[in-house]
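Take this structure first; my questions come after.
The values are calculated or read from the model by the stated rules, or taken from the named source; none is laboratory data. Being a predicted model, the structure only gives us computed values, none of them experimental. Cβ placement follows ideal geometry from the backbone for every residue including glycine, while neighbour counts extend to all protein chains displayed.
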Amino acid sequence: MASTYDLTAAALKPGGTGEPMIVVEHVDKFFGDFQALSDINLVVGKQEVVVVLGPSGSGKSTLIRAINRLEEHDAGRILVDGVEMSDDLRNIQEIRRECGMVFQSFNLFPHLTIMDNITLAPRQVRKWPKDKAEAEAMKQLTRVKIPEQANKFPGQLSGGQQQRVAIARSLAMQPKVMLFDEPTSALDPEMVKEVLDAMVELAGTGMTMMVVTHEMGFAKAVADRVVFMADGQIVEVGTPEHFFENPQEDRTKLFLSQIL
Amino acid sequence: MEPADLALAEPIMPEPDRPPSKKLSATEWAKENLFYNVASTLITLGFVVIFVALLKNTIRFVFVSGRWEILHVNMTNMLVGVLFPREEITRGWIALFIVAMGVAFMVGSAHQLVAQSDEELGAAVVPQGQQMRSALGRFAPMVLLVVVLLALARQARFGAAALIFGMVAVGWVARTVGMRLPRQRAGLGAAAGGLTVVGGFVFLATGVGWQQWGGLLLTVFLASSAIVLCFPLGLAAALGRRSKLPVVRAFSIIYIELIRGVPLITLLFIGSLTLNFFLPAGLVPSGVTRSVIMITLFSGAYVAEIVRGGLQAVPKGQTEAAQALGLPTLKMLRLIVLPQALRNVIPALVGQFISLFKDTSLVAIIGLRDLLLVTQGFTKQPEFQGTAAAEVLAIAAFIYWVFTFTMSRESQRLERRLGVGTR
C-alpha cells in the first residue's frame, strides 16, 4: 500500500487557526558530542494544542526548553509569534514573557506565599500595580480551583495543588503560548487528574499549548496534533486518530506497542 | 436496625494504643548507661574522679584563692580600655543602648526574611512559657557574665545593673518589633538595624576618638564592624565569581584565593606597615581603621566561599522558573536565589562570624589594646607586678566564651526554628 504520509507536510501545517505561533526551522542541538536534536522542523498554530510524545532521551524536553531559551539551540531558527530567538537579551525576554512554562518539578518559590509566587512576575516584569496583579492571581487560582490556598506556602500544599499553582503562576502573565514539560510525571496518580482537568479547561479556552507528556488519554482527548520524537528527530506527526489508530512509521508502531 | 442505617453510621475507630512507656528511674538509667559492665563501671568511676577534681579546683580558684582584686580596680579598664576618658562613660552607655537596639532589630528582621511558612512568620509574636524558658536558657551565659562583672566591680553596681536590665528590655522589644515586620519590609528592617548599629558607634566616636577605645569595647567594635562589612563584600565576591563577565570573575577569584591563602596575622601586619603604600599620599588611616579593613577583607573571602556554596545548593529549577517567567538576572538573584541561598548557609555563616570574633584578639600583635592585651596589661601594673596572670586570662577567656556561645546558641535556635536540614 503506497503511503500517502508526508512527515514534512504534517509537521509544517499548523492546526488551530492556521496562523503560525511557534516556528522551529532546521534546529540542531548538541550537548558536547551528543546530538540531542537533529534537523527539527515544526510549526505550531495559534490556539493549537500539540502533544509531544516519545521515549526518554528522544529530545522532546530539549525541544520545548529550546523554545524559551532554557536550552540554546546550535543551528536553525526558532520564532515565537514572529519574534526570532537570538542572542539579543531583549528578544529572549520578550519570548519568555509570552511563553508560560510548567515544569515537571513545579519549581514554585518556597520562600514566597502562593499569592506572592503568582504576582511576582506580573509586578516585576509587566510592572503591574499590586491590586491588578492580586486580582489576576485570584482569578487564575479560582480557575484552577484552589483560591483558598492563596496565603499558604508551597511546602504546605500537595503535589497536585502545587502544580496547579504553577499553572496559575504562568497564566497570570497572560502568555500567548503555554509550554508543559511533563507536568504530571512527578505526581501521585490521584493528583494527575486534577492537573489534567486544569489543562483540558485551558485548552478549551483556546490557548496555544505545547505539551510533553506520557498521558495518552490527554493526547487523545484534547490534542489537535501529536508529534512523536525519537533519537532527537521528529518521526511522525498527525492527528490523534491518525497517530493512535493508523501509525505509519515502524518506530511509532514500536513505541505504541510498548506503552498501550 | 435498617441496613441503610448501618451503612450511614459513622465507623467507630478504636482508641489508638499508646506506645509502652520507657521511662526509667534514675538508678535504672545509671545502671543501664553507666555501669552495665566492668569496663564501663571503671570508665565511669575514672571520669567521676577527674570531674570531681576539676570541679574542686575550679571552685577553689574562683571563690577562695583567686586574687580578684586585680579586676576590682581594673573593671573600667577591661571594659573600655585604659585610654578611655572616664567622664565620657555615660556616652558609652548610650551608645551601647543604641547598638543593642540595632542588633536586636536586625536579628528580628533577619528572621522574617528567611521564614518559609505561616507559623514561622507569625512565630514568637506571643511568647509562650516554653519559648521564654528556652530564651532564658540561651542567654544564661550572658546573664552569668553580667553577674560576674557586677560582682567584680566596686563602684556604681546598682546603676550598672539597672542600665543592663534596661538594655535587655530594649533589646527584647526591638527584636519583637523586628519579628512583626511583614516579609517585604524585612530587608529594609535589617538594613535599618545595621545603620542603627553604625549610628551607635558613630555617636560614641564623636565624643571619644577611636584611638582611645580599648578592652571589650574595642573587641566588640572590631568584630561587629567586620561582620557587618564583610557580609556585603563576600556576597559581591561570590556573585562576581559566578559572573559571565571575565574581568569581574577574574577580580573575584584573585581576591578570594589570595586572601584565603594568607593568615590573618600577616594581613594585620600588612595593614599596619604597608597599607600606606597603596593609598594616596596624605591618607593615613588610624590603627583601628586599618584593622577593621584587614579583618573585613579576610573574613569577606571566607564568606564569599560560604555564600557560593549556598548559591550552588539552590535547585537549578528555581533559576529556570524565574527565567521562564521573564525575570531579569538581578531581580532573579535578589528575589529568588539569594533568599534561598542564604537560608541554606546560616550555620556556616554564623560559624565564620564566631571565628571572626575570636580572631580580633590578634590585633594585640599590632598594638591595639583589645580585650586580651588590656587584661594582660593588668598584671604589669606596679600594684600587681606579674601576679594574678591566671585570673586575668580566666576572665578574658570567659568573656570570649560567653559571646561566642551565645552567638552559637542563637544560630542553632534559628536553624531549628526554620527547619534547616529537615526539609
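Just for segment A:103-162: of the residues that are within 11 Å of another protein chain (Cβ to nearest Cβ) and of a type in the set (Gly, Ala, Ser), which one is nearest to A:LEU196 (Cα to Cα)?
Filtering segment A:103-162 for residues that are within 11 Å of another protein chain (Cβ to nearest Cβ) and of a type in the set (Gly, Ala, Ser), the one nearest to A:LEU196 (Cα to Cα) comes out as A:SER105.
Also: Out of everything in segment B:244-273 that is among the basic types (Lys, Arg) and assigned to a helix (DSSP H, G or I), what residue ends up being modelled with the highest pLDDT?
As a first pass, look at segment B:244-273 and keep what is among the basic types (Lys, Arg): B:244, B:249, B:260.
Applying the additional criterion that residues be assigned to a helix (DSSP H, G or I) yields B:249, B:260.
Working: B:ARG249: 95, B:ARG260: 91.
The extreme case among them is B:ARG249.
Continuing with the same structure: Which numbered condition trips up B:VAL337, out of (1) under 21 Å from A:PRO122 (Cα atoms); (2) more than 7 Å from chain A (Cβ to nearest Cβ); (3) surrounded by fewer than 19 Cβ atoms within 10 Å (Cβ to Cβ)?
Evaluating B:VAL337 over (1) under 21 Å from A:PRO122 (Cα atoms); (2) more than 7 Å from chain A (Cβ to nearest Cβ); (3) surrounded by fewer than 19 Cβ atoms within 10 Å (Cβ to Cβ) leaves (3) as the failure.
Could you list, in sequence order, the residues of segment B:312-333 that are surrounded by fewer than 21 Cβ atoms within 10 Å (Cβ to Cβ) and either more than 10 Å from chain A (Cβ to nearest Cβ) or not in a helix (DSSP H, G or I) (or both)? Working first, answer last.
Start the filter on segment B:312-333 by keeping residues that are surrounded by fewer than 21 Cβ atoms within 10 Å (Cβ to Cβ), which leaves B:312-320, B:323, B:328-333.
Scanning segment B:312-333 gives B:GLN312, B:ALA313, B:VAL314, B:PRO315, B:PRO328, B:LEU330, B:LEU333.
Among (1) in contact (Cβ under 8 Å) with a residue 12 or more places away in the chain; (2) away from chain A (no Cβ under 14 Å); (3) touching a Gly at 6+ places or on another chain (Cβ under 6 Å), there is one condition B:THR296 misses while meeting the rest; what is its number?
(3)
Separate question: Within the group A:VAL52, A:VAL23, A:VAL44, which residue is in contact with a helix residue (DSSP H, G or I) (Cβ under 6 Å, 6 or more places away or on another chain) and surrounded by 16 or more Cβ atoms within 10 Å (Cβ to Cβ)? Give the steps one after another, and end with the answer.
Details: A:VAL23 fails: in contact with a helix residue (DSSP H, G or I) (Cβ under 6 Å, 6 or more places away or on another chain); A:VAL44 fails: in contact with a helix residue (DSSP H, G or I) (Cβ under 6 Å, 6 or more places away or on another chain).
Only one candidate passes the filter, namely A:VAL52.
Taking the residues in segment A:170-190 that are hydrophobic (A, V, I, L, M, F, W, C) and within 13 Å of chain B (Cβ to nearest Cβ) as candidates, determine which candidate is surrounded by the fewest Cβ atoms within 10 Å (Cβ to Cβ).
Step one: filter segment A:170-190 for residues hydrophobic (A, V, I, L, M, F, W, C), giving A:171-173, A:177-180, A:186-187.
Filter once more, keeping what is within 13 Å of chain B (Cβ to nearest Cβ): A:171-173, A:177-180, A:186.
Numbers: A:LEU171: 24, A:ALA172: 27, A:MET173: 23, A:VAL177: 22, A:MET178: 21, A:LEU179: 25, A:PHE180: 27, A:ALA186: 15.
Only one residue tops the list, namely A:ALA186.
Ok, one more. What's the number of the only condition in (1) more than 14 Å from chain A (Cβ to nearest Cβ); (2) modelled with pLDDT under 90 that B:ILE346 fails to meet?
Evaluating B:ILE346 over (1) more than 14 Å from chain A (Cβ to nearest Cβ); (2) modelled with pLDDT under 90 leaves (1) as the failure.
Here's the yes/no breakdown for (1) more than 23 Å from A:ALA203 (Cα to Cα); (2) more than 11 Å from the chain's Cα centre (by Cα):
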| position | (1), (2) |
| --- | --- |
| A:LYS29 | yes, yes |
| A:LYS46 | no, yes |
| A:LEU53 | no, yes |
| A:SER56 | yes, yes |
| A:ARG65 | no, no |
| A:ASN68 | no, no |
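List the helices (runs of 4 or more DSSP H) inside segment B:102-183, counting only whole elements, that have at least 1 residues being modelled with pLDDT under 80 and basic (Lys, Arg). Before the answer, list the steps.
Values: elements: B:118-121, B:129-152, B:157-179.
Those helices (runs of 4 or more DSSP H) span B:129-152, B:157-179.
Do we have A:ASN107 as in contact (Cβ under 8 Å) with a residue 12 or more places away in the chain, of a type in the set (S, T, N, Q) and assigned to a helix (DSSP H, G or I) here?
Working: in contact (Cβ under 8 Å) with a residue 12 or more places away in the chain: yes; of a type in the set (S, T, N, Q): yes; assigned to a helix (DSSP H, G or I): no.
When the stated conditions are applied, A:ASN107 does not pass them.
For segment A:70-102, how many residues meet the condition of being closer than 21 Å to A:ILE40 by Cβ and within 8 Å of chain B (Cβ to nearest Cβ)?
Residues in segment A:70-102 being closer than 21 Å to A:ILE40 by Cβ and within 8 Å of chain B (Cβ to nearest Cβ): 4 in total.
Quick check: is even one residue across segment A:78-97 under 14 Å from the mean Cα position of the chain (by Cα) and among the acidic types (Asp, Glu)?
There is no residue in segment A:78-97 that is under 14 Å from the mean Cα position of the chain (by Cα) and among the acidic types (Asp, Glu).
Given the residues B:VAL350, B:VAL292, B:VAL363, which is the only one that is under 18 Å from the mean Cα position of the chain (by Cα), in a helix (DSSP H, G or I) and more than 21 Å from B:LEU239 (Cα to Cα)?
Going through B:VAL350, B:VAL292, B:VAL363 in turn, just one is under 18 Å from the mean Cα position of the chain (by Cα), in a helix (DSSP H, G or I) and more than 21 Å from B:LEU239 (Cα to Cα): B:VAL292.
Sticking with this structure for a sec: Provide a single number: the residues in segment A:114-144 that are surrounded by fewer than 15 Cβ atoms within 10 Å (Cβ to Cβ), closer than 18 Å to A:THR205 by Cβ and either in contact with a His (Cβ under 7 Å, 6 or more places away or on another chain) or among the charged types (D, E, K, R) (or both). Quick ask: steps written out before the conclusion?
Of all residues in segment A:114-144, those surrounded by fewer than 15 Cβ atoms within 10 Å (Cβ to Cβ) come to A:127, A:129-132, A:135, A:139, A:142.
Still in the running and closer than 18 Å to A:THR205 by Cβ: A:139, A:142.
Next, only the ones that are either in contact with a His (Cβ under 7 Å, 6 or more places away or on another chain) or among the charged types (D, E, K, R) (or both) stay: A:139.
Count: 1.
Give the residue, chosen from A:ALA36, A:ALA66, that is within 14 Å of chain B (Cβ to nearest Cβ) and among the hydrophobic types (A, V, I, L, M, F, W, C).
Working: A:ALA36 fails: within 14 Å of chain B (Cβ to nearest Cβ).
Result: A:ALA66 is the single residue among A:ALA36, A:ALA66 that is within 14 Å of chain B (Cβ to nearest Cβ) and among the hydrophobic types (A, V, I, L, M, F, W, C).
Matching residues to (1) over 23 Å from A:ASP81 (Cα atoms); (2) among the hydroxyl-bearing types (Ser, Thr, Tyr); (3) in contact with a Gly (Cβ under 8 Å, 6 or more places away or on another chain):
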{"position": "A:MET138", "(1), (2), (3)": "yes, no, no"}
{"position": "A:LYS152", "(1), (2), (3)": "yes, no, no"}
{"position": "A:ARG164", "(1), (2), (3)": "yes, no, no"}
{"position": "A:ALA168", "(1), (2), (3)": "no, no, no"}
{"position": "A:ASP181", "(1), (2), (3)": "no, no, no"}
{"position": "A:LEU187", "(1), (2), (3)": "yes, no, yes"}
{"position": "A:THR205", "(1), (2), (3)": "no, yes, no"}
{"position": "A:MET209", "(1), (2), (3)": "no, no, no"}
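With respect to the numbered conditions (1) touching a His at 6+ places or on another chain (Cβ under 6 Å); (2) closer than 19 Å to B:TRP210 by Cα, which one is the sole condition not fulfilled by B:PRO339?
Going through (1) touching a His at 6+ places or on another chain (Cβ under 6 Å); (2) closer than 19 Å to B:TRP210 by Cα one by one, B:PRO339 breaks only (2).
The conditions are (1) away from chain A (no Cβ under 14 Å); (2) crowded, with 21+ Cβ neighbours inside 10 Å, and B:GLN381 fails exactly one of them. Which is it?
In the conditions (1) away from chain A (no Cβ under 14 Å); (2) crowded, with 21+ Cβ neighbours inside 10 Å, B:GLN381 misses (2) alone.
While we're looking at this one, here's another question. Being crowded, with 19+ Cβ neighbours inside 10 Å and among the basic types (Lys, Arg) is true for just one of B:ARG241, B:ARG249. Which residue is that? Steps first, answer last, please.
Working: B:ARG249 fails: crowded, with 19+ Cβ neighbours inside 10 Å.
B:ARG241 is the lone residue from the list that is crowded, with 19+ Cβ neighbours inside 10 Å and among the basic types (Lys, Arg).
If the requirement is being under 19 Å from B:SER291 (Cβ atoms) and buried (at least 16 other Cβ atoms within 10 Å of the Cβ), which of these qualifies: B:LEU371, B:LEU414?
Details: B:LEU414 fails: under 19 Å from B:SER291 (Cβ atoms).
Unique residue meeting the criteria: B:LEU371.
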